[in-house]
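**Q** Starting off with a structure, shown below.
The values are calculated or read from the model by the stated rules, or taken from the named source; none is laboratory data. Small disclaimer: the values here were computed from a predicted structure and weren't measured. Positions of Cβ are backbone-derived with ideal geometry, glycine not excepted, and every protein chain shown enters the neighbour counts.
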Amino acid sequence: MRNVLPVLTVTACLIALWYAAVVPMNQQWAQDQARRAGQDLSFSALVADTMSQQRPRLPAPHQVAQELWNSTVVEEMTGRRGFMNTGSLSNRSLIYHGWVTLSATLLGFAIGSALGIALAVGIVHNRAMDASVMPWAIASQTIPILAIAPMIIVVLNAVGITGLIPKAIISTYLSFFPVVVGMVKGLRAPDQMQLDLMKTYSASGGQVFAKLRWPSAMPYLFASLKVAIAAALVGAIVAELPTGAVAGLGARLLSGSYYGQTVQIWSALFAAAILAASMVALIGLIQRVTLKRMGMAA
Amino acid sequence: MRDTTTAPVISAQALNLTFQTGDGPVHALKDVTLDIAKGEFVSFIGPSGCGKTTFLRVIADLEQPTSGTITVNGMSPEAARMARAYGYVFQAAGLYPWRTIAGNVKLPLEIMGYSKADQAARVEKVLELVELSGFARKFPWQLSGGMQQRASIARALAFDADILLMDEPFGALDEIVRDRLNEQLLALWARTEKTIGFVTHSIPEAVYLSTKIVVMSPRPGRITDVIDSPLPRVRPLEIRDSPEFIEIAHRVREGLRAGHLDD
């Protein structure tokens with residue numbers, strides 16, 4: 001709990017800086033409006049205007065918070081297409097779009113983590129894979145995801161695969177890498193003495209893996225899963241951009257930029273950030289519980 | 001075919017081992033010939049690089065000799081290792097931090113496929129043997145260094161191999177703890193009648209514990225003296241002040257010095 005105060009302080013400072021930036025960023029439009037109306041703009045009127053524009057260059061924090069609230073709770077509770085009135089999520093709410101992105105993220109993260117662990121096991125146990133896989137894994141991450149994402153979408157679309165799977169594949173593409181790197185390191189964490197000990201028991205390769213390498217790798221696994229799930233979310237959002245902005249947080253970002261809806265863009269950004277933070281926190285919780293049960297309180 | 005009842009448990013003939021390093025070959029063992037009988041407590045003493053740990057690792061099939069022959073229980077070291085003929089205690093306790101003390105002691109038993117009931121019974125027995133009965137559910141970090149090392153000895157004893165190989169097990173511990181553990185080790189040896197191979201840097205430790213002291217010297221690693229101790233098997237700590245003890249310690253020291261004069 002003693003961590004809360006510094007975090008709140010930093011957050012308060014950031015919000016203050018943000019508010020301070022809102023006035024100069026949006027004043028041009030406010031002054032143009034006043035000049036056309038032939039009015040003089042007092043400073044207080046300027047501040048009030050820059051904080052409440054329809055399409056500000058930089059929306060004020062309370063506008064973003066208001067939009068987040070309206071496009072989640074209010075929309076679902078009272079909206080014509082909201083959950084309360086129709087029994088299904090409204091396609092105008094961030095809950096709906098967040099879920100679309102989240103489902104692709106989770107699927108991609110699951111596949112990516114499994115693939116990453118499998119590759120790491122291969123690299124640690126097989127000399128040929130050790131020499132060949134890692135350079136390719138690194139090369140895969142040097143290709144800009146923005147360049148390769150539309151290709152994957154288009155190719156998969158051509159063979160009739162649309163919707164969740166192509167997005168999940170792009171999430172996989174980004175999320176397997178930290179898991180490979182972390183797990184190779186983790187599975188190699190046991191020192192020579194511990195491996196010798198296993199040899200004196202004539203332990204099989206499978207036993208060495210299950211009893212020594214896998215438990216040793218646990219702290220590394222959780223650290224890389226945290227990176228991987230954030231990367232998976234980025235992958236899912238990027239994957240939504242070339243699909244024509246149908247659904248998902250990426251679609252909200254894209255349609256927001258089409259129509260100059262900066263408040264919508266920012267609230268989608270914050271929704272993504274909150275989603276990522278919650279998922280990382282969830283993995284952190286699982287990590288704490290697991291390591292505590294293993295006697296390795298982190 | 002030799003009679004197995006009197007045949008040595010460990011028998012090395014003209015053993016050589018050369019490591020290839022970046023600075024050229026290192027002769028870790030040269031013409032090592034040694035027989036160890038059943039129930040003996042054999043210490044290997046010598047300065048760093050004399051090959052005492054290497055010899056122990058050859059017995060354990062953790063290193064391969066370049067030439068010469070060695071048998072353990074009449075088998076090759078590899079066959080002996082596969083038959084789980086020995087327990088090995090390393091310099092560091094090397095307990096798994098994610099397992100309790102009981103879980104650590106159980107590790108070899110799980111690997112060797114003992115039944116659950118047998119595992120529990122054996123864990124209880126060996127923890128009692130090393131006087132750690134009350135600590136079964138503690139994690140390693142909750143124990144002192146000496147207790148951790150005792151737990152690692154219990155782990156090596158759990159599957160009841162006839163041979164116990166110990167590589168400077170008490171090297172990292174202070175003198176007082178070491179004395180206590182030496183006493184306990186002798187009591188344990190008397191009770192279990194195991195054959196023990198023990199690597200150490202310490203002359204008093206070697207003389208106090210052993211029925212046979214093997215003095216080694218470096219470059220190349222070789223045996224310079226083998227001393228059969230006349231001390232009785234039952235040894236109170238005070239025996240270290242007796243003339244016999246001091247005489248053996250003197251001979252060990254002479255042997256170590258002679259090895260160094262060759263440099």
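**Q** Look at A:Ser267 and say whether it is within 14 Å of chain B (Cβ to nearest Cβ), out of contact with any Gly (no Cβ under 8 Å at 6 or more places or on another chain) and of a type in the set (S, T, N, Q).
**A** Details: within 14 Å of chain B (Cβ to nearest Cβ): no; out of contact with any Gly (no Cβ under 8 Å at 6 or more places or on another chain): yes; of a type in the set (S, T, N, Q): yes.
For A:Ser267, the condition - within 14 Å of chain B (Cβ to nearest Cβ), out of contact with any Gly (no Cβ under 8 Å at 6 or more places or on another chain) and of a type in the set (S, T, N, Q) - is not met.
**Q** All but one of (1) away from chain B (no Cβ under 12 Å); (2) over 30 Å from A:Ser90 (Cβ atoms); (3) polar (S, T, N, Q) hold for A:Thr262; state the number of the condition that does not hold.
**A** Only one criterion in (1) away from chain B (no Cβ under 12 Å); (2) over 30 Å from A:Ser90 (Cβ atoms); (3) polar (S, T, N, Q) is unmet by A:Thr262, namely (2).
**Q** Among the residues of the range A:261-273, is there at least one that is of a type outside the set (Ser, Thr, Tyr) and without any contact (Cβ under 8 Å) to a residue 12 or more places away in the chain? Break it down stepwise before answering.
**A** Initial filter on the range A:261-273 (of a type outside the set (Ser, Thr, Tyr)): A:261, A:263-266, A:268-273.
Checking the rest, the ones that are also without any contact (Cβ under 8 Å) to a residue 12 or more places away in the chain come to A:273.
Yes.
**Q** Out of curiosity, is A:Pro215 touching a residue at least 24 places away in the same chain (Cβ under 8 Å), within 14 Å of another protein chain (Cβ to nearest Cβ), crowded, with 18+ Cβ neighbours inside 10 Å and assigned to a loop (DSSP other than H, G, I, E, B)? Before the answer, list the steps.
**A** On the way: touching a residue at least 24 places away in the same chain (Cβ under 8 Å): yes; within 14 Å of another protein chain (Cβ to nearest Cβ): yes; crowded, with 18+ Cβ neighbours inside 10 Å: yes; assigned to a loop (DSSP other than H, G, I, E, B): no.
The answer is no for A:Pro215.
**Q** So which residues in the range B:147-177 are charged (D, E, K, R) and closer than 17 Å to B:Ala60 by Cα, if there are any at all?
**A** At the first step, the residues of the range B:147-177 found to be charged (D, E, K, R) are B:150, B:155, B:160, B:162, B:167-168, B:174-175.
Residues satisfying the conditions are B:Arg155, B:Asp160, B:Asp162, B:Asp167, B:Glu168.
**Q** Right, another one. Which of the residues spanning the range B:221-251 are touching a strand residue (DSSP E or B) at 6+ places or on another chain (Cβ under 7 Å) and either β-branched (Val, Ile, Thr) or not in a strand (DSSP E or B) (or both)? Step through it out loud before you land on a result.
**A** Initially, the range B:221-251 is screened for residues touching a strand residue (DSSP E or B) at 6+ places or on another chain (Cβ under 7 Å), giving B:221-229, B:248, B:251.
Once the filter is applied, which keeps residues that are touching a strand residue (DSSP E or B) at 6+ places or on another chain (Cβ under 7 Å) and either β-branched (Val, Ile, Thr) or not in a strand (DSSP E or B) (or both), the range B:221-251 yields B:Gly221, B:Ile223, B:Thr224, B:Val226, B:Ile227, B:Ser229, B:Ile248, B:Arg251.
**Q** Next up: Does A:Ile145 count as of a type in the set (Val, Ile, Thr), closer than 17 Å to A:Glu240 by Cα and either touching a helix residue (DSSP H, G or I) at 6+ places or on another chain (Cβ under 7 Å) or not assigned by TED's automatic domain parsing to the domain that holds A:Val280 (or both)? Talk me through it step by step, then tell me what you get.
**A** On the way: of a type in the set (Val, Ile, Thr): yes; closer than 17 Å to A:Glu240 by Cα: yes; either touching a helix residue (DSSP H, G or I) at 6+ places or on another chain (Cβ under 7 Å) or not assigned by TED's automatic domain parsing to the domain that holds A:Val280 (or both): yes.
Yes.
**Q** With respect to A:Pro144, is the statement that it is in contact (Cβ under 8 Å) with a residue 12 or more places away in the chain and under 24 Å from A:Leu233 (Cα atoms) true?
**A** Working: in contact (Cβ under 8 Å) with a residue 12 or more places away in the chain: no; under 24 Å from A:Leu233 (Cα atoms): yes.
Against the criterion (in contact (Cβ under 8 Å) with a residue 12 or more places away in the chain and under 24 Å from A:Leu233 (Cα atoms)), A:Pro144 does not qualify.
**Q** Can you go through A:Ala272, A:Ala281 and tell me which one is small (Gly, Ala, Ser), surrounded by fewer than 19 Cβ atoms within 10 Å (Cβ to Cβ) and within 21 Å of A:Ala228 (Cα to Cα)?
**A** On the way: A:Ala272 fails: surrounded by fewer than 19 Cβ atoms within 10 Å (Cβ to Cβ).
Being small (Gly, Ala, Ser), surrounded by fewer than 19 Cβ atoms within 10 Å (Cβ to Cβ) and within 21 Å of A:Ala228 (Cα to Cα) holds for just one of A:Ala272, A:Ala281, which is A:Ala281.
**Q** From the list B:Ala60, B:Ala83, B:Ala37, B:Ala79, pick out the single residue that is buried (at least 21 other Cβ atoms within 10 Å of the Cβ), under 21 Å from the mean Cα position of the chain (by Cα) and not acidic (Asp, Glu).
**A** On the way: B:Ala83 fails: buried (at least 21 other Cβ atoms within 10 Å of the Cβ); B:Ala37 fails: buried (at least 21 other Cβ atoms within 10 Å of the Cβ); B:Ala79 fails: buried (at least 21 other Cβ atoms within 10 Å of the Cβ).
Unique residue meeting the criteria: B:Ala60.
**Q** Collect the residues in the range A:191-212 that are of a type in the set (Val, Ile, Thr) and either more than 8 Å from chain B (Cβ to nearest Cβ) or surrounded by fewer than 20 Cβ atoms within 10 Å (Cβ to Cβ) (or both), keeping them in residue-number order. So that I can check it myself, show each step before the final result.
**A** Residues of the range A:191-212 of a type in the set (Val, Ile, Thr): A:200, A:208.
Listed by number, the list holds a single entry, A:Val208.
**Q** Right, here's the next one. Quick check on the range A:99-125: of everything there that is surrounded by 21 or more Cβ atoms within 10 Å (Cβ to Cβ) and of a type outside the set (A, V, I, L, M, F, W, C), which residue is farthest from A:Asp191 (Cα to Cα)?
**A** A:Thr101
**Q** Still on this structure: When only residues in the range B:154-167 that are modelled with pLDDT of 90 or more and out of contact with any Lys or Arg (no Cβ under 7 Å at 6 or more places or on another chain) count, which is surrounded by the most Cβ atoms within 10 Å (Cβ to Cβ)?
**A** The qualifying residue surrounded by the most Cβ atoms within 10 Å (Cβ to Cβ) is B:Arg155.
**Q** Can you tell me which condition B:Trp189 does not meet? The list is (1) surrounded by fewer than 19 Cβ atoms within 10 Å (Cβ to Cβ); (2) touching a residue at least 12 places away in the same chain (Cβ under 8 Å); (3) in the same structural domain as B:Ser11 (by TED's automatic domain parsing); (4) part of a helix (DSSP H, G or I), and all the others hold.
**A** (1)
**Q** Quick check: is even one residue across the range A:222-241 more than 12 Å from chain B (Cβ to nearest Cβ), part of a helix (DSSP H, G or I) and more than 25 Å from A:Ala281 (Cβ to Cβ)? Show your work before the answer.
**A** Step one: of the range A:222-241, the residues more than 12 Å from chain B (Cβ to nearest Cβ) are A:222-241.
Imposing the further condition that a residue be part of a helix (DSSP H, G or I) reduces the set to A:222-241.
From what is left, the residues that are more than 25 Å from A:Ala281 (Cβ to Cβ) are A:241.
The answer is yes, given that some residue of the range A:222-241 is more than 12 Å from chain B (Cβ to nearest Cβ), part of a helix (DSSP H, G or I) and more than 25 Å from A:Ala281 (Cβ to Cβ).
**Q** Here is a follow-up. Among the numbered conditions (1) in a helix (DSSP H, G or I); (2) within 30 Å of B:Pro97 (Cα to Cα), tell me where A:Tyr173 comes up short.
**A** For A:Tyr173, the failing item is (2).
**Q** With A:Val155, A:Val159, A:Val179 as the choices, which residue is modelled with pLDDT of 95 or more and either away from chain B (no Cβ under 14 Å) or within 30 Å of B:Ser152 (Cβ to Cβ) (or both)?
**A** Criteria check complete, one pass: A:Val179.
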